[in-house]
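Only one structure is covered here, and it is reproduced in the block below.
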Amino acid sequence: MRFLVSFFSLILLPLALSAQAVSSFAHVDKKVLGMPAQKEITLEALSGFINQQFKSPEDRARAAFMWLAQNVAYDVVAFNSAAPPVPAQQVIAQTLAQRKAVCQGYAEVFQALCTRAGIPNYLVSGYTKQQGTVDYVAHAWVAAQLNGQWLFFDPTWGAGYVNGNLFVKKLNENYFKVTSAQMIKSHYPFDPLWQFSTSPIKAREFNTGQPMPKAKKPFLFADTLKTHAGLSEFQQLAGTVRRMEAHGADNPFIVSRLTYLKQGLDIQRYNQLTDTFNQGVDLLNQFIYYRNNRLLNTKSPETLSQMLSTTVATFNTVKQQLTATRWHQSSQNLVLLEQNLGKVMTQAQQQEAFLANYFQKNGPSQKR
(Lines give C-alpha, C1' and ligand atoms only; values in the text may rest on other atoms or scores of the structure.)
Protein backbone atom coordinates (compact mmCIF):
# COMPACT_ATOMS: atom_id res chain seq x y z
CA MET A 1 0.00 0.00 0.00
CA ARG A 2 1.39 3.35 -0.97
CA PHE A 3 2.37 5.46 1.96
CA LEU A 4 2.17 8.57 -0.24
CA VAL A 5 -1.60 8.28 -0.33
CA SER A 6 -1.93 9.71 3.15
CA PHE A 7 -0.10 12.91 2.20
CA PHE A 8 -3.01 14.30 0.27
CA SER A 9 -5.65 16.34 1.94
CA LEU A 10 -8.22 18.77 0.61
CA ILE A 11 -8.04 22.12 -1.11
CA LEU A 12 -10.38 24.75 -2.42
CA LEU A 13 -10.70 25.11 -6.16
CA PRO A 14 -9.52 28.21 -8.01
CA LEU A 15 -11.71 31.21 -8.46
CA ALA A 16 -13.69 31.59 -11.66
CA LEU A 17 -11.62 32.83 -14.61
CA SER A 18 -12.53 34.53 -17.83
CA ALA A 19 -13.79 32.62 -20.87
CA GLN A 20 -11.18 30.74 -22.88
CA ALA A 21 -10.56 30.02 -26.53
CA VAL A 22 -12.01 26.96 -28.23
CA SER A 23 -9.91 23.90 -27.45
CA SER A 24 -7.68 22.37 -30.12
CA PHE A 25 -8.80 18.98 -28.78
CA ALA A 26 -12.39 19.31 -29.97
CA HIS A 27 -12.29 15.90 -31.65
CA VAL A 28 -11.15 14.27 -28.41
CA ASP A 29 -13.62 16.16 -26.25
CA LYS A 30 -16.54 15.18 -28.50
CA LYS A 31 -15.79 11.47 -28.19
CA VAL A 32 -15.28 11.71 -24.45
CA LEU A 33 -18.57 13.52 -23.94
CA GLY A 34 -20.32 10.84 -26.00
CA MET A 35 -18.76 7.94 -24.16
CA PRO A 36 -21.18 5.04 -23.50
CA ALA A 37 -22.24 4.88 -19.86
CA GLN A 38 -21.02 1.31 -19.44
CA LYS A 39 -17.49 2.45 -20.28
CA GLU A 40 -17.41 4.82 -17.31
CA ILE A 41 -18.14 2.42 -14.47
CA THR A 42 -14.69 0.96 -13.79
CA LEU A 43 -11.12 2.11 -14.32
CA GLU A 44 -10.54 -0.83 -16.65
CA ALA A 45 -13.51 0.08 -18.84
CA LEU A 46 -12.67 3.78 -18.86
CA SER A 47 -9.02 3.29 -19.74
CA GLY A 48 -9.96 0.68 -22.33
CA PHE A 49 -12.26 3.12 -24.13
CA ILE A 50 -9.67 5.92 -24.04
CA ASN A 51 -6.85 3.73 -25.31
CA GLN A 52 -9.00 2.25 -28.05
CA GLN A 53 -10.35 5.56 -29.30
CA PHE A 54 -7.14 7.59 -29.08
CA LYS A 55 -3.67 6.55 -30.15
CA SER A 56 -1.41 9.47 -29.29
CA PRO A 57 -0.32 10.00 -25.65
CA GLU A 58 -1.40 13.64 -25.87
CA ASP A 59 -4.94 12.73 -26.95
CA ARG A 60 -5.17 10.09 -24.23
CA ALA A 61 -4.07 12.59 -21.58
CA ARG A 62 -6.62 15.06 -22.89
CA ALA A 63 -9.35 12.42 -22.78
CA ALA A 64 -8.54 11.59 -19.15
CA PHE A 65 -8.48 15.27 -18.18
CA MET A 66 -11.72 16.06 -20.00
CA TRP A 67 -13.56 13.05 -18.58
CA LEU A 68 -12.69 14.07 -15.02
CA ALA A 69 -13.51 17.72 -15.62
CA GLN A 70 -16.92 16.93 -17.07
CA ASN A 71 -17.96 13.96 -14.94
CA VAL A 72 -16.54 14.43 -11.44
CA ALA A 73 -17.76 17.13 -9.07
CA TYR A 74 -15.63 18.56 -6.30
CA ASP A 75 -16.77 17.07 -2.98
CA VAL A 76 -17.37 20.15 -0.84
CA VAL A 77 -18.88 18.05 1.96
CA ALA A 78 -15.73 15.94 2.19
CA PHE A 79 -13.66 19.12 2.22
CA ASN A 80 -15.62 20.58 5.10
CA SER A 81 -15.57 17.33 7.07
CA ALA A 82 -11.84 16.76 6.50
CA ALA A 83 -12.41 13.06 5.91
CA PRO A 84 -9.35 10.88 6.60
CA PRO A 85 -7.36 9.66 3.57
CA VAL A 86 -7.89 6.18 2.15
CA PRO A 87 -5.77 3.93 -0.11
CA ALA A 88 -5.41 4.88 -3.77
CA GLN A 89 -7.44 2.00 -5.21
CA GLN A 90 -10.32 2.76 -2.87
CA VAL A 91 -10.16 6.44 -3.79
CA ILE A 92 -10.30 5.59 -7.49
CA ALA A 93 -13.26 3.24 -7.03
CA GLN A 94 -15.14 5.80 -4.94
CA THR A 95 -14.48 8.59 -7.45
CA LEU A 96 -15.83 6.53 -10.35
CA ALA A 97 -18.83 5.28 -8.41
CA GLN A 98 -19.85 8.53 -6.72
CA ARG A 99 -18.66 10.95 -9.44
CA LYS A 100 -17.31 13.30 -6.80
CA ALA A 101 -13.92 13.69 -5.15
CA VAL A 102 -11.41 16.00 -3.55
CA CYS A 103 -7.99 16.55 -5.07
CA GLN A 104 -6.72 13.06 -4.28
CA GLY A 105 -9.53 11.43 -6.25
CA TYR A 106 -9.01 13.61 -9.31
CA ALA A 107 -5.25 13.10 -9.24
CA GLU A 108 -5.34 9.36 -8.55
CA VAL A 109 -7.76 8.66 -11.41
CA PHE A 110 -5.81 10.87 -13.83
CA GLN A 111 -2.55 9.20 -12.88
CA ALA A 112 -4.02 5.72 -13.22
CA LEU A 113 -5.38 6.53 -16.68
CA CYS A 114 -2.00 7.94 -17.74
CA THR A 115 -0.24 4.81 -16.51
CA ARG A 116 -2.63 2.58 -18.43
CA ALA A 117 -2.12 4.78 -21.50
CA GLY A 118 1.65 4.26 -21.37
CA ILE A 119 2.36 7.84 -20.31
CA PRO A 120 5.22 8.30 -17.77
CA ASN A 121 3.84 10.14 -14.77
CA TYR A 122 4.20 11.03 -11.12
CA LEU A 123 1.64 12.11 -8.54
CA VAL A 124 2.84 15.34 -6.90
CA SER A 125 1.86 16.72 -3.51
CA GLY A 126 2.29 20.24 -2.24
CA TYR A 127 0.25 23.37 -1.63
CA THR A 128 -1.01 26.31 -3.66
CA LYS A 129 -1.75 30.01 -3.79
CA GLN A 130 -4.35 32.11 -5.58
CA GLN A 131 -4.13 35.82 -6.27
CA GLY A 132 -1.12 36.05 -3.99
CA THR A 133 -2.80 34.27 -1.06
CA VAL A 134 -1.22 31.01 0.04
CA ASP A 135 -3.48 28.07 0.92
CA TYR A 136 -1.71 26.05 3.59
CA VAL A 137 -3.67 22.90 2.77
CA ALA A 138 -2.13 19.90 1.04
CA HIS A 139 -3.03 19.47 -2.62
CA ALA A 140 -2.32 16.82 -5.26
CA TRP A 141 -1.69 17.10 -8.99
CA VAL A 142 0.13 15.09 -11.67
CA ALA A 143 3.31 15.44 -13.71
CA ALA A 144 3.23 13.56 -17.02
CA GLN A 145 5.68 13.31 -19.89
CA LEU A 146 4.40 14.04 -23.39
CA ASN A 147 6.69 14.11 -26.43
CA GLY A 148 9.73 14.08 -24.15
CA GLN A 149 8.59 17.09 -22.11
CA TRP A 150 7.41 17.01 -18.52
CA LEU A 151 4.15 18.91 -18.09
CA PHE A 152 1.69 19.36 -15.24
CA PHE A 153 -2.00 18.56 -15.01
CA ASP A 154 -4.40 19.57 -12.26
CA PRO A 155 -7.79 18.03 -13.08
CA THR A 156 -9.18 19.30 -9.77
CA TRP A 157 -8.68 22.92 -10.72
CA GLY A 158 -9.58 22.08 -14.31
CA ALA A 159 -13.07 20.91 -13.29
CA GLY A 160 -14.44 24.18 -11.93
CA TYR A 161 -14.50 26.25 -8.77
CA VAL A 162 -16.18 26.53 -5.40
CA ASN A 163 -18.52 29.42 -4.65
CA GLY A 164 -19.33 29.38 -0.95
CA ASN A 165 -20.32 25.77 -0.30
CA LEU A 166 -21.31 25.02 -3.88
CA PHE A 167 -19.20 23.51 -6.63
CA VAL A 168 -19.57 25.24 -9.98
CA LYS A 169 -18.57 23.06 -12.92
CA LYS A 170 -16.55 25.08 -15.41
CA LEU A 171 -13.79 23.67 -17.59
CA ASN A 172 -10.50 25.48 -16.93
CA GLU A 173 -7.94 24.87 -19.67
CA ASN A 174 -5.23 26.68 -17.71
CA TYR A 175 -4.43 23.49 -15.78
CA PHE A 176 -4.01 21.17 -18.74
CA LYS A 177 -0.44 20.77 -20.09
CA VAL A 178 1.11 23.38 -17.81
CA THR A 179 4.83 24.10 -18.07
CA SER A 180 7.02 24.02 -14.97
CA ALA A 181 7.65 27.78 -15.22
CA GLN A 182 3.93 28.46 -15.21
CA MET A 183 2.93 25.84 -12.63
CA ILE A 184 5.30 27.12 -9.95
CA LYS A 185 3.37 30.40 -9.90
CA SER A 186 0.40 28.69 -8.25
CA HIS A 187 1.53 25.19 -7.17
CA TYR A 188 4.42 24.55 -4.79
CA PRO A 189 5.53 20.90 -4.45
CA PHE A 190 6.86 19.71 -1.11
CA ASP A 191 9.73 17.95 -2.91
CA PRO A 192 11.82 20.43 -4.97
CA LEU A 193 12.38 17.69 -7.55
CA TRP A 194 8.88 18.30 -8.90
CA GLN A 195 9.69 21.86 -9.88
CA PHE A 196 11.67 20.36 -12.76
CA SER A 197 14.14 23.22 -12.44
CA THR A 198 17.90 23.56 -12.13
CA SER A 199 17.19 26.45 -9.72
CA PRO A 200 14.14 25.41 -7.65
CA ILE A 201 12.69 28.30 -5.71
CA LYS A 202 12.31 28.36 -1.95
CA ALA A 203 8.94 28.40 -0.26
CA ARG A 204 9.52 31.99 0.85
CA GLU A 205 9.89 33.09 -2.76
CA PHE A 206 6.73 31.21 -3.71
CA ASN A 207 4.82 32.74 -0.82
CA THR A 208 5.91 36.33 -1.35
CA GLY A 209 6.53 36.37 -5.08
CA GLN A 210 9.81 38.14 -4.40
CA PRO A 211 12.95 36.65 -6.06
CA MET A 212 15.62 35.28 -3.73
CA PRO A 213 19.33 34.52 -4.33
CA LYS A 214 19.83 31.32 -6.29
CA ALA A 215 21.94 28.38 -5.14
CA LYS A 216 25.53 28.46 -6.31
CA LYS A 217 25.33 24.95 -7.72
CA PRO A 218 22.54 23.98 -10.13
CA PHE A 219 20.17 21.24 -9.07
CA LEU A 220 20.59 18.39 -11.55
CA PHE A 221 16.92 17.49 -11.55
CA ALA A 222 17.11 15.41 -14.75
CA ASP A 223 19.76 13.12 -13.26
CA THR A 224 17.92 13.00 -9.93
CA LEU A 225 14.68 12.11 -11.69
CA LYS A 226 16.37 9.30 -13.59
CA THR A 227 17.76 7.89 -10.36
CA HIS A 228 14.42 8.35 -8.59
CA ALA A 229 12.62 6.28 -11.21
CA GLY A 230 14.76 3.23 -10.44
CA LEU A 231 14.32 3.31 -6.67
CA SER A 232 11.93 1.40 -4.46
CA GLU A 233 9.00 3.22 -2.88
CA PHE A 234 10.86 3.35 0.42
CA GLN A 235 14.00 4.75 -1.22
CA GLN A 236 11.94 7.35 -3.07
CA LEU A 237 10.40 8.48 0.20
CA ALA A 238 13.83 8.71 1.83
CA GLY A 239 15.06 10.76 -1.14
CA THR A 240 12.12 13.13 -0.79
CA VAL A 241 12.98 13.70 2.87
CA ARG A 242 16.66 14.37 2.05
CA ARG A 243 15.79 16.86 -0.67
CA MET A 244 13.26 18.67 1.49
CA GLU A 245 15.76 18.98 4.33
CA ALA A 246 18.49 20.20 1.97
CA HIS A 247 16.14 22.69 0.31
CA GLY A 248 15.05 24.11 3.64
CA ALA A 249 11.80 24.00 5.58
CA ASP A 250 10.84 27.65 5.23
CA ASN A 251 7.49 27.61 7.01
CA PRO A 252 5.65 25.61 9.70
CA PHE A 253 3.46 23.89 7.10
CA ILE A 254 6.48 22.37 5.36
CA VAL A 255 8.03 21.50 8.73
CA SER A 256 4.85 19.64 9.65
CA ARG A 257 4.82 17.79 6.33
CA LEU A 258 8.50 16.87 6.69
CA THR A 259 7.87 15.54 10.19
CA TYR A 260 5.01 13.45 8.84
CA LEU A 261 7.21 12.00 6.09
CA LYS A 262 9.90 11.14 8.61
CA GLN A 263 7.33 9.32 10.70
CA GLY A 264 6.41 7.40 7.58
CA LEU A 265 10.04 6.44 7.08
CA ASP A 266 10.24 5.21 10.67
CA ILE A 267 7.12 3.11 10.18
CA GLN A 268 8.46 1.50 7.01
CA ARG A 269 11.89 0.87 8.54
CA TYR A 270 10.29 -0.66 11.62
CA ASN A 271 8.07 -2.90 9.48
CA GLN A 272 11.07 -4.07 7.48
CA LEU A 273 12.97 -4.86 10.67
CA THR A 274 10.08 -6.78 12.20
CA ASP A 275 9.70 -8.79 9.00
CA THR A 276 13.38 -9.77 9.19
CA PHE A 277 13.07 -10.44 12.92
CA ASN A 278 10.10 -12.75 12.33
CA GLN A 279 12.01 -14.67 9.68
CA GLY A 280 14.69 -15.39 12.27
CA VAL A 281 12.09 -16.41 14.85
CA ASP A 282 10.48 -18.81 12.35
CA LEU A 283 13.83 -20.51 11.75
CA LEU A 284 14.53 -20.74 15.47
CA ASN A 285 11.09 -22.23 16.14
CA GLN A 286 11.63 -24.74 13.36
CA PHE A 287 14.82 -25.97 14.99
CA ILE A 288 13.18 -26.13 18.41
CA TYR A 289 10.34 -28.18 16.89
CA TYR A 290 12.84 -30.73 15.56
CA ARG A 291 14.54 -30.84 18.94
CA ASN A 292 11.38 -31.19 21.03
CA ASN A 293 9.98 -33.93 18.79
CA ARG A 294 13.26 -35.88 18.63
CA LEU A 295 13.58 -35.30 14.89
CA LEU A 296 17.13 -33.97 14.81
CA ASN A 297 18.45 -37.29 13.48
CA THR A 298 16.24 -36.86 10.39
CA LYS A 299 18.36 -33.93 9.23
CA SER A 300 22.00 -33.75 8.24
CA PRO A 301 24.48 -31.89 10.49
CA GLU A 302 24.98 -29.39 7.71
CA THR A 303 21.24 -28.64 7.51
CA LEU A 304 20.88 -28.21 11.27
CA SER A 305 23.99 -26.06 11.57
CA GLN A 306 22.89 -23.91 8.64
CA MET A 307 19.47 -23.44 10.19
CA LEU A 308 20.92 -22.03 13.40
CA SER A 309 23.72 -20.03 11.78
CA THR A 310 21.18 -18.37 9.48
CA THR A 311 19.00 -17.66 12.50
CA VAL A 312 21.85 -15.94 14.34
CA ALA A 313 22.91 -14.03 11.24
CA THR A 314 19.34 -12.80 10.75
CA PHE A 315 19.13 -11.55 14.32
CA ASN A 316 22.54 -9.84 13.97
CA THR A 317 21.27 -8.07 10.86
CA VAL A 318 18.30 -6.74 12.80
CA LYS A 319 20.58 -5.63 15.63
CA GLN A 320 22.92 -3.78 13.27
CA GLN A 321 20.09 -2.03 11.44
CA LEU A 322 18.35 -1.19 14.69
CA THR A 323 21.40 0.62 16.05
CA ALA A 324 22.64 2.13 12.76
CA THR A 325 19.30 3.52 11.56
CA ARG A 326 18.59 7.21 12.00
CA TRP A 327 15.28 7.03 13.82
CA HIS A 328 13.39 10.31 13.79
CA GLN A 329 11.42 9.67 16.93
CA SER A 330 11.62 7.33 19.90
CA SER A 331 9.05 4.58 20.11
CA GLN A 332 7.97 2.00 22.63
CA ASN A 333 7.81 -0.47 19.76
CA LEU A 334 11.52 0.01 19.15
CA VAL A 335 12.25 -0.63 22.82
CA LEU A 336 10.17 -3.82 22.78
CA LEU A 337 11.82 -4.98 19.56
CA GLU A 338 15.26 -4.48 21.06
CA GLN A 339 14.26 -6.38 24.22
CA ASN A 340 12.77 -9.29 22.29
CA LEU A 341 15.80 -9.36 20.02
CA GLY A 342 18.05 -9.85 23.02
CA LYS A 343 15.91 -12.75 24.24
CA VAL A 344 15.79 -14.65 20.95
CA MET A 345 19.49 -14.11 20.30
CA THR A 346 20.23 -15.72 23.68
CA GLN A 347 17.94 -18.62 22.79
CA ALA A 348 19.60 -19.05 19.40
CA GLN A 349 23.04 -19.13 21.00
CA GLN A 350 21.84 -21.70 23.54
CA GLN A 351 20.52 -23.88 20.72
CA GLU A 352 23.88 -23.64 18.94
CA ALA A 353 25.63 -24.82 22.11
CA PHE A 354 23.11 -27.67 22.47
CA LEU A 355 23.63 -28.72 18.84
CA ALA A 356 27.40 -28.84 19.22
CA ASN A 357 27.03 -31.03 22.29
CA TYR A 358 24.45 -33.18 20.49
CA PHE A 359 26.86 -33.92 17.66
CA GLN A 360 29.60 -34.87 20.12
CA LYS A 361 27.37 -37.31 22.00
CA ASN A 362 25.59 -38.95 19.08
CA GLY A 363 28.44 -39.28 16.60
CA PRO A 364 28.32 -39.37 12.79
CA SER A 365 26.13 -42.49 12.59
CA GLN A 366 23.15 -40.59 14.01
CA LYS A 367 23.45 -37.70 11.54
CA ARG A 368 21.72 -38.09 8.21
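For this structure, a couple of remarks:
- In region 164-176, residue surrounded by the fewest Cβ atoms within 10 Å (Cβ to Cβ) [restricted to those that are in a loop (DSSP other than H, G, I, E, B) and in contact (Cβ under 8 Å) with a residue 40 or more places away in the chain]: Asn165
- Of all residues assigned to region 340-351, at least one qualifies as being under 30 Å from Gln236 (Cα atoms) and out of contact with any His (no Cβ under 9 Å at 6 or more places or on another chain).
- Residues located in region 51-62, provided they are part of a helix (DSSP H, G or I) and exposed (fewer than 12 other Cβ atoms within 10 Å of the Cβ): Gln52
- Considering residues of region 186-203 that are in contact with a strand residue (DSSP E or B) (Cβ under 6 Å, 6 or more places away or on another chain) and either aromatic (Phe, Trp, Tyr) or in a loop (DSSP other than H, G, I, E, B) (or both) only, the residue surrounded by the most Cβ atoms within 10 Å (Cβ to Cβ): Trp194
- Any hit, region 322-332, residues being in a helix (DSSP H, G or I), touching a Ser or Thr at 6+ places or on another chain (Cβ under 9 Å), not assigned by TED's automatic domain parsing to the domain that holds Gly126 and not small (Gly, Ala, Ser): no
- Residue that is surrounded by the most Cβ atoms within 10 Å (Cβ to Cβ) [pool: residues in region 21-50 that are assigned to a loop (DSSP other than H, G, I, E, B) and of a type outside the set (A, V, I, L, M)]: Phe25
Every residue, every condition in (1) within 27 Å of the chain's Cα centre (by Cα); (2) basic (Lys, Arg); (3) closer than 15 Å to Asp266 by Cα, yes or no:
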position: Leu304; (1), (2), (3): no, no, no
position: Thr314; (1), (2), (3): no, no, no
position: Lys319; (1), (2), (3): no, yes, no
position: Ser330; (1), (2), (3): yes, no, yes
position: Val335; (1), (2), (3): no, no, yes
position: Met345; (1), (2), (3): no, no, no
position: Gln350; (1), (2), (3): no, no, no
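- Test for Gln111: is it under 17 Å from the mean Cα position of the chain (by Cα) and either farther than 22 Å from Leu225 by Cβ or among the aromatic types (Phe, Trp, Tyr) (or both): no
- Matching residues, region 118-137, being more than 20 Å from the chain's Cα centre (by Cα) and either buried (at least 21 other Cβ atoms within 10 Å of the Cβ) or of a type in the set (Val, Ile, Thr) (or both): Thr133, Val134
- Filtered residues of region 99-149 (kept if part of a helix (DSSP H, G or I) and under 22 Å from Phe253 (Cβ atoms)): Cys103, Gln104, Tyr106, Ala107
The values are calculated or read from the model by the stated rules, or taken from the named source; none is laboratory data. Since the model is a prediction, treat every value here as computed from it, not as a measurement. All Cβ positions, glycine included, derive from the backbone under ideal geometry; neighbour counts span all protein chains shown.
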